Amino acid sequence: MNSNKQQHRVLTLLYLAPTALILLVFIIIPIIYTLYLSFFDWNLIAPTKNFVGWRNYLTIFTDPVNQKVLLNTLGYIGLLLVLNFVIPYVISIIVQFFIHKMQGVYKIIFFIPSLFSLVVGAMVFAWIMNPVSGPIALFLRQIGFTLPNWTNSGGLAIVMLCLITNWKVFGYNFVLLLTGLGSIPQNLIDAAQVDHIPKWRLIWDVVLPLNKSMAFYVLILTIVQGLQYVFTPINVITQGGPYYGSSNVLYHTYLNAFVLYKTGNASALAILTFVIFLILLFLEIKFVEGRDADAPI
Amino acid sequence: MRPFKANGWHLLLLVICLALILPVLFMVANSFKTLQDSYHTMWQLIPLHPTLKNYQTLSRQVALLRLIWNTFFMATLVTLGKLSTGLLAAYAFQYFHFRGKKWVYFAFVATIFIPFTVTMIPNYLVIAKANLLNTALGVALPQLCDATGIMIFLKAMAKIPRSLIESAYLDQIPTHRLLMNIIIPILRPSIISIGAIFFINSWNEYVWPTLILKDKSSFTLPLALQNYISSEGGTNFPLAMALATIMIIVPLVIYMVFQRYILNSISNSGLK
């Protein structure tokens, strides 16, 4: 019995080891090391690092470029929430409750862009939306309008970059939200229909509250993944320009680390992002996890 | 009144379908046009004078087969790594009892919420120090485990009747044989679907590879495509579109074959 127990313990370790090792070496230790680096002035190459205390963190909030980037990040979050969460949610409600045919077909087609690289998306949209020679610009010119040169304006560039991620993420979030809506017990819907409750009240009073946890999961995913996804079109199309106008916190971290070689600043920004995401994770656990009676463990 | 209303909704949904799909169709169409044709007839979805010129130019400028092989090799490495570590870990969570299980599981799930920026500097330094820059292994190594996989496998394992596992224990079947001969065959649908998703994601991966793969001979397709947009390509979109068209074939074929599996497993990943 005792040797059996011992064997059990060895096996447990053996099965968990590969995942645990990678988690430790490539996630946990790096996070601690990034935290360490955030208190130093370093350029990624020099043999010595200078301890600077909290200065890198102070820089985040006092340096005008950093402030601009933080503000942009809020803009990104707002736009991503509308484009990648609210709109897919409305569409998934329409597909689930307002039409009776073709649901499967829409699901299959909407998901297709999720299969493609954001580099492909960025390239195609850079062509379609090219302010001088793109199809949209030419079409607008024919009917007497001009497409504003969005690469020259931080705000417009942010809208465009969000639209590109929306193209990729829309179907993915739609599928998730539709799944949530589909798991609402049919008898509740039927009961409401028997009672002749108007559809919008059914949605508002029954569907939205019941689908709260899935919606919240997608909402948080939209922020966490969206900010990371948008990195690719930023790097491919604007490189954060014009003058940091379309940069966000993740892109600015990358820029500081691997282009400007300000490792300390980059680390402080990374830790800030990490803390914000941790808060979102905490909210996710509070509202989403544990809703299932038969959670895996 | 009713069918009219429904038709309105279908019209809206059709517009969304077009908005999502037309860019891809335009891309494929323009990849078969010359630069001049693509400028003058950019709205033409069926090229007036279809040509393979862009593809020929492309194959002269870049080692296409090498690019495809690099991408395929890296994606395969990542996929196999994630599947095997995920299966082992899920098995431990489902069938072994150990202290701190909940916490370890929580740590795995929490990795989904970690921004890549908080690990990229140390990981870059480690990969550089290990002399793995410009290698597929350098790209794959930090991402050989994936919480989503563990979650989906756990859910599938929970559906396996307890009695089946218990009788295997009574027969003294060693755990590795139980895993290989009983559990993996039962989990086949989950393995296929999550494997397909891992492969597609890795095939498209961009951010981490740009840090690790600097040498052109080690490039994957997304990096090569990016190169065409920023420098050489600049305005030669038909050429970039040809490369992008080559790039989307593999994910599309995987989707066509495993569409049902893939969509099911996306649904599952949300409903924890």
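Quick look at the numbers
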item: Value in Å of the Kirkwood radius, where the range B:139-221 supplies the Cα pairs that are averaged; result: 15.4 Å
item: Area of A:Asp195 that stays accessible when all protein chains are in place (1.4 Å probe, Å², to 10); result: 100 Å²
item: Average beta carbon contacts from partner chains per residue of B:202-211, 10 Å cutoff; result: 4
item: At 0.890 mPa s and 25 °C, Stokes diffusion of the range B:1-137 via Kirkwood alpha-carbon radius, µm² per second; result: 116 µm²/s
item: P(r), alpha carbons of the range A:155-290 - 5 Å bins starting at zero, rounded %; result: 2, 9, 15, 15, 15, 13, 10, 8, 6, 4, 3, 1, 0, 0
item: Anisotropy class of the range B:1-50 from Cα gyration tensor, a/c 1.5 cut; result: prolate
item: Where A:Thr62, B:Thr34 fall by accessible area, highest first, once all protein chains stay in place (1.4 Å); result: A:Thr62, B:Thr34
item: Residue-span extension gain [A:Trp54 to A:Gln142] - 0.36 nm each, minus C-alpha spacing; result: 26.0 nm
item: Estimated Rh, the protein assembly as shown: Kirkwood, alpha-carbon pairs, angstrom; result: 25.5 Å
item: Simple spin-label estimate for A:Ile31 and A:Val275 in nanometres, 7 Å along Cα-Cβ; result: 1.5 nm
item: Pairwise FRET efficiency - B:Leu48 versus A:Ile285, Cβ, R0 = 56 Å, nearest 0.05; result: 0.45
item: Positive-end residue of A:Leu80, A:Asn166, A:Gly134, charge dipole of chain A with Cβ unit charges; result: A:Gly134
item: Virtual spin-label span in nm between A:Leu44 and A:Gln186, 7 Å along Cα→Cβ; result: 5.7 nm
item: Range of Cα positions in chain B per principal axis (Å), largest first; result: 73, 68, 33
item: Length-normalised contact order of chain A in % [C-alpha pairs under 8 Å, at least 6 apart]; result: 29 percent
item: Per residue, in Å², the accessible surface of the range A:31-287 once ligands and nucleic acids are set aside, probe 1.4 Å; result: 42 Å²
item: Test item: A:166-179 mean partner chain Cβ contacts at 10 Å; result: 3
item: Probe 1.4 Å - accessible area at B:Lys82, Å² to nearest ten; result: 20 Å²
item: Compactness relative to 2.2 N^0.38 Å, alpha carbon Rg of the range A:1-46; result: 1.91
item: Electrostatic dipole magnitude of the protein assembly as shown [Cβ: Lys, Arg +1; Asp, Glu -1; Cα centre; debye, to 20]; result: 420 debye
item: Nearest-10 value in Å² for the accessible area of A:Ile189, using the 1.4 Å probe; result: 10 Å²
item: Under 5 Å, built H, 5+ apart or other chain: amide partners of A:Phe40; result: A:Val52
item: If the convex hull is drawn through the Cα atoms of the range A:24-168, its volume per residue in Å³; result: 213 Å³
item: Shape of the range A:31-287, Cα gyration tensor, a/c cut at 1.5; result: oblate
item: Computed Rg/Rh of the range A:53-114, alpha carbon atoms with Kirkwood Rh; result: 1.34
item: Residue list for the range B:189-228, given a label point 7 angstrom along the Cα-to-Cβ vector of B:Ala128 and an amide N cut-off under 19 Å; result: B:207-216, B:218-219
item: Estimated Rh, the range B:119-272: Kirkwood, alpha-carbon pairs, angstrom; result: 18.6 Å
item: Residues of the range B:155-199 with amide N under 19 Å of a point placed 7 Å along Cα→Cβ from A:Gln6; result: B:175
item: Three-way shape call for the range B:74-113 based on the alpha-carbon gyration tensor, with the a/c threshold at 1.5; result: oblate
item: Helical mean residue ellipticity (222 nm; -39500 (n - 2.57) per DSSP H run of 4+; nearest 500) of the protein assembly as shown; result: -21500 deg cm²/dmol
item: Inter-probe distance in nm under a simple model that places probes 7 Å from Cα toward Cβ, at A:Gln239 and A:Ile94; result: 4.0 nm
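The values are calculated or read from the model by the stated rules, or taken from the named source; none is laboratory data. From a predicted model like this one, the values you see are computed outputs, not experimental measurements. Every residue, glycine among them, receives a Cβ derived from its backbone with ideal geometry; neighbour counts consider all protein chains shown. Quick note on the areas: whole protein, heavy atoms, side chains included, nothing else; ligands and nucleic acids left out. Shrake-Rupley method; radii C 1.70, N 1.55, O 1.52, S 1.80 Å.
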